[in-house]
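The values are calculated or read from the model by the stated rules, or taken from the named source; none is laboratory data. Note that this is a predicted model, so its numbers are computed, not measured. Neighbour counts run over all protein chains shown; Cβ positions are idealised from the backbone, glycine included.
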Amino acid sequence: MSETGMVPVFYNSDPEISRNVLKACYEGGVRAFEFTNRGDFAQEVIGELVKYASRELPGMILGIGSVVDPGTATMYIQLGANFVVGPLFNPAVAPVCNRRLIPYCPGCATPSEIGAAQEAGCDICKVFPGDVLGPAFVKGIKAPMPWSQIMVTGGVKPTRENLEAWFKAGVTCVGMGSNLFPKETIAAGEWEKISALCAGALEIIKSLR
């Protein structure tokens with residue numbers, strides 16, 4: 001997350017589509033990918049993705065998103081998830097992840113939540129929803145808590161203007177969902193366009209650091 005500065009966020013119930021998207025992201029330079037727990041049988045899909053990545057995509061790190069409770073975190077860790085992301089901070093999830101040295105990136109929207117998450121061992125905190133809180137929130141957090149490593153998700157776009165605002169504010173990385181995966185592109189199977197969007201966003205991030 002820290003090295004590349006971007007984590008694509010994706011869910012699809014079709015394992016084949018998900019594999020194609022994962023590969024497209026990989027070919028675009030992505031090395032950390034968040035598959036979200038947002039639909040029925042998501043656990044079956046990520047199980048397939050973890051096996052596929054280990055065979056075909058060396059260096060790709062897969063994590064699970066939208067985790068709100070320790071039981072769900074445990075299940076996905078058993079399936080091979082290498083990091084856990086949540087829309088909220090549940091203190092009970094942290095020990096489950098810490099026992100296995102799996103990073104837990106909880107969703108936080110106040111200084112107190114970020115502080116509590118850091119105390120629980122969360123190295124990177126997810127500021128969410130980013131489009132509501134905005135870059136000024138991140139800048140405000142970093143002033144009294146400069147050690148904070150922040151991943152912002154929600155409203156992040158693969159444009160220079162948008163990314164520049166977040167990275168100038170001090171984020172460690174960004175999570176990017178629908179703006180990397182246009183519905184029409186997925187429907188048409190135009191995987192090379194996803195690769196190009198990822199490569200372009202990563203190039204912008206690199207130039208901003």
Exercise. Could we say that Glu3 is charged (D, E, K, R), part of a loop (DSSP other than H, G, I, E, B) and surrounded by fewer than 23 Cβ atoms within 10 Å (Cβ to Cβ) here?
Worked result: yes
For this session: Could you list all residues from region 124-140 that are surrounded by fewer than 19 Cβ atoms within 10 Å (Cβ to Cβ) and not small (Gly, Ala, Ser)?
Result: Pro129, Asp131, Val132, Phe137, Lys139
Exercise. Looking at region 60-78, which of the residues that are part of a loop (DSSP other than H, G, I, E, B) and hydrophobic (A, V, I, L, M, F, W, C) is farthest from Ser18 (Cα to Cα)?
Worked result: Val68
Exercise. Does Ala143 satisfy the criteria of being hydrophobic (A, V, I, L, M, F, W, C), more than 18 Å from the chain's Cα centre (by Cα), surrounded by fewer than 20 Cβ atoms within 10 Å (Cβ to Cβ) and at pLDDT 95 or above?
Worked result: yes
Problem set entry | Matching residues in region 87-140 - criterion: being hydroxyl-bearing (Ser, Thr, Tyr) and under 18 Å from Ala169 (Cα atoms) | Thr110
Exercise. Would you call Ile77 β-branched (Val, Ile, Thr), under 17 Å from the mean Cα position of the chain (by Cα) and surrounded by 20 or more Cβ atoms within 10 Å (Cβ to Cβ)?
Worked result: no
Seminar exercise, completed: All-but-one check, Ala24 against (1) surrounded by fewer than 19 Cβ atoms within 10 Å (Cβ to Cβ); (2) over 14 Å from the mean Cα position of the chain (by Cα), failing number (1)
Problem set entry | Matching residues in region 30-42 - criterion: being more than 15 Å from the chain's Cα centre (by Cα) and at pLDDT 95 or above | Ala42
Problem set entry | Residue in region 90-123 that is surrounded by the most Cβ atoms within 10 Å (Cβ to Cβ), counting only those that are under 15 Å from Ile150 (Cβ atoms), of a type outside the set (Gly, Ala, Ser) and under 15 Å from the mean Cα position of the chain (by Cα) | Cys105
